[in-house]
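Take a look at the structure set out below.
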Amino acid sequence: MLIGTIFTAVAAYAATSIDYVIILLILFSQTLKKGQLKSIVIGQYLGTAILVGVSLLAAYGLTLVPPHLVGLLGLIPIYLGIRIWKREEDENNEENILSRLSSGNPNRYENNEENILSRLSSGNPNRLFITITAITLAAGGDNLGVYIPYFSTLNPSETIVMLIVFAILVAVLCYLSYQLASVKKVSKTIEKWERWIVPIIFIGLGLMILLENETFHFLWGLVI
C-alpha cells in the first residue's frame with residue numbers, strides 16, 4: 001500500500017509539473033545571487049503548498065473553487081509577461097539615449113541593466129519570492145482538477161505520505177531545472193532571446209490557463 005501511494009503521488013506530481021520546467025529553467029538561468037536562487041525555491045515550495053492545501057480542503061468538502069475563477073490566475077503571467085517586455089523596450093530606448101549623450105564613450109554613464117529576476121521583483125529582492133509564488137500558483141491553477149479528485153481517495157496516513165513525496169519532488173524539480181539552466185549553451189540561448197522568450201511563454205501560459213478553465217466563456221457571459 002505504501003509503495004502504491006508513493007507511485008501514484010509521483011505520477012500525480014509529474015503529470016502536473018510540466019509547465020514548471022520551462023519557467024524554472026528561465027528563472028534559474030537568470031540567477032546572479034544566492035538570494036535569488038533561494039527566493040525561487042521558496043516561491044516554488046510556497047506556491048505548491050498553497051495549491052495542495054486548497055486541494056485538500058476541497059477534497060474534504062470544506063471549499064470548492066469554480067474552474068472559471070481558477071482560470072483568472074492566468075492574468076498573473078500575462079501581466080508579468082507584458083511588464084517584462086515593456087521594461088526591456090524602455091531599457092533599450094534608454095541605452096540608445098545614453099549612447100548619444102556619452103558621444104560614444106560607454107564608461108561615461110553607469111550601466112544599470114537588470115536581469116529578468118530584477119524586473120519580476122520590481123528591484124526589491126525581498127519581493128521576488130512572492131512573485132515566484134504567484135507564478136507557481138498561476139501555472140498550477142489547473143492542477144486543482146487533478147489534485148482534488150486524487151486527494152479525495154487518500155486516507156490520513158496516505159495523505160501524509162503524499163505530502164512527503166510532493167515535498168521531495170519539488171526539491172528534485174528545482175535541482176534538475178537548475179542543473180539544466182547551468183548548461184552554458186542553454187543559458188546563452190535564453191540570454192540571447194530572453195526579450196522574446198520570457199514574455200511569449202508567460203503570456204502564452206496565461207492564455208492557456210484562461211482557455212482551459214473556460215474563463216473567457218464565463219467573462220463573455222457576464223458581458224452579455
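Structure summary
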| quantity | calculated |
| --- | --- |
| By accessible area with a 1.4 Å probe, ligands and nucleic acids excluded, highest first: order of 83, 127 | 127, 83 |
| Listed peptides 128-141, 147-160, 36-49 by packing density, highest first (mean Cβ within 10 Å) | 128-141, 36-49, 147-160 |
| Nearest-0.05 FRET efficiency for residue 224 and residue 10, computed from C-beta distance (R0 45 Å) | 0.50 |
| Inter-probe distance in nm under a simple model that places probes 7 Å from Cα toward Cβ, at residue 171 and residue 2 | 1.8 |
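The values are calculated or read from the model by the stated rules, or taken from the named source; none is laboratory data. Source: prediction; values computed, not measured. Here the Cβ is made from the backbone with ideal geometry for all residues, glycine too, and neighbour counts use every protein chain on show. Surface areas here come from the heavy atoms of the whole protein model, side chains and all, with no ligands, DNA or RNA. Shrake-Rupley method; radii C 1.70, N 1.55, O 1.52, S 1.80 Å.
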